[in-house]
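Colleague: Pasting in a structure now, in structure tokens, and then I'll have a few things to ask.
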Amino acid sequence: MFGYDALIDYLRLLETQSGRIKLLETGSSELGKPMYIAFISSEKNIKELDHLREINRRLALDSEIPHSDREEMIAQGKVFVFATLSMHANEVGPSQAAPLMAYDLITERDPGMGAQLENVVFMMNPSHNPDGMDMI
């Protein structure tokens, strides 16, 4: 088994090697460890991540969007799927699998999966409890 720091170091390494993954620091744990979300998708979607997030934010929160604008935003937007891994300290399996999930998605060469990554932004919280991950 590996600890939280090794998990994040590996995801950072993937980020330097691939345009299909981006890490975003989202806060810190009770013991001060930085917490992240890994965004995994096509390279094009990762490059346009801020724009895609804004589309989804507006579609979710702005009921006053004119119909023509809404239709255009829906056509441009992507589906965001969020997975939190290892919420409780003794749930070690999901965080231990996170590097494999990330690697498999960013190195995938299957045309079907590539098409999925064109339409979906997978958001992975690699460990919802980094302090507990290291304690256990």
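Colleague: What is the sum of charges around SER42, taking Lys and Arg as +1, Asp and Glu as -1, for the other residues whose C-beta is under 14 Å from the C-beta of SER42?
Modeller: In short, +1.
Colleague: What's the magnitude of the charge dipole for the stretch 71-111 around its Cα centre, counting Lys and Arg as +1 and Asp and Glu as -1 at the beta-carbon? Answer in Debye, nearest 20. Please report the intermediate quantities before stating the final value.
Modeller: On the way: 2 positive and 6 negative charges, 28 e Å.
With Lys and Arg at +1 and Asp and Glu at -1, about 140 debye.
Colleague: Right, something else. Per DSSP H run of at least 4 residues, take -39500 (n - 2.57); add these up for the chain, divide by its residues and hand me the 222 nm value, nearest 500 deg cm²/dmol. Don't skip to the end; give the middle numbers.
Modeller: Values: 7 runs with 72 residues, N = 136.
About -15500 deg cm²/dmol.
Colleague: Using only the Cα atoms of the stretch 46-118, build the gyration tensor, take square roots of its eigenvalues as a ≥ b ≥ c, and label the shape rounded, prolate or oblate: rounded if a/c is under 1.5, else prolate if a/b is larger than b/c, else oblate.
Modeller: Oblate, because a/c is 1.5 or more while a/b does not exceed b/c.
Colleague: Taking H placed 1.01 Å from N in the peptide plane, check which residues at least 5 places from LEU85 or on another chain put their amide H under 5 Å from its amide H.
Modeller: ASN125, SER127, HIS128
Colleague: Short version: what are the Cα gyration tensor semi-axes of the chain, square root of 5 times each eigenvalue, largest first, in whole Å? Intermediate values should be presented prior to the final figure.
Modeller: Details: eigenvalues 174, 67, 27 Å².
Over the Cα atoms of the chain, the ellipsoid semi-axes are 30, 18, 12 Å.
Colleague: Where Lys and Arg each count +1 and Asp and Glu each count -1, what net charge lies around LEU31 among other residues with Cβ under 11 Å from its Cβ?
Modeller: Within the 11 Å Cβ shell, the charges total -2.
Colleague: Hey, got the dipole for the stretch 89-136? About the Cα centre, +1 on K and R Cβ, -1 on D and E Cβ, debye to the nearest 20?
Modeller: Computed charge dipole of the stretch 89-136: roughly 60 debye.
Colleague: Right, something else. Hey, what do the phi angles of the stretch 30-41 turn into as Karplus ³J(HN,Hα) couplings, whole Hz, using 6.51/-1.76/1.60 and θ = phi - 60°, x for Gly and Pro?
Modeller: Each residue of the stretch 30-41 in turn: 4, 9, x, 7, x, 10, 9, 10, 9, 9, 10, 6 Hz.
Colleague: Okay, moving on. Using θ = phi - 60° and the Karplus curve 6.51 cos²θ - 1.76 cosθ + 1.60, what whole-Hz ³J(HN,Hα) does each residue of the stretch 11-24 get, with Gly and Pro shown as x?
Modeller: Ordered by residue, 3J(HN,Hα) equals 5, 4, 4, 4, 4, 6, 9, 9, x, 9, 9, 9, 9, 10 Hz.
Colleague: Quick one: putting +1 on the C-beta of Lys and Arg, -1 on the C-beta of Asp and Glu, what dipole do you get for the stretch 2-136 around its Cα centre, in Debye to the nearest 20?
Modeller: Dipole magnitude for the stretch 2-136 comes out near 160 debye.
Colleague: If you don't mind, another one. Classify the stretch 8-68 as rounded, prolate or oblate from the Cα gyration tensor: take a ≥ b ≥ c as the square roots of its eigenvalues, call it rounded if a/c is under 1.5, otherwise prolate when a/b beats b/c and oblate if not.
Modeller: Values: a/c = 5.38, a/b = 1.57, b/c = 3.43.
In terms of gyration-tensor shape, oblate.
Colleague: Same structure, new question: Hey, what do the phi angles of the stretch 97-111 turn into as Karplus ³J(HN,Hα) couplings, whole Hz, using 6.51/-1.76/1.60 and θ = phi - 60°, x for Gly and Pro?
Modeller: 8, 3, x, 5, 4, 5, 4, 4, 5, 7, 9, 4, 10, 5, x
Colleague: Moving to a separate point now. Search the structure for amide H atoms under 5 Å from the amide H of MET35, placed 1.01 Å from N in the peptide plane, and list their residues when 5 or more places away or on another chain.
Modeller: THR26, GLY27, SER28, SER29
Every number in this text was worked out from the coordinates using simple rules, so none of it is lab data. Small disclaimer: the values here were computed from a predicted structure and weren't measured. Cβ coordinates were reconstructed from backbone atoms using ideal geometry, including for glycine residues, and neighbour counts include every protein chain displayed.
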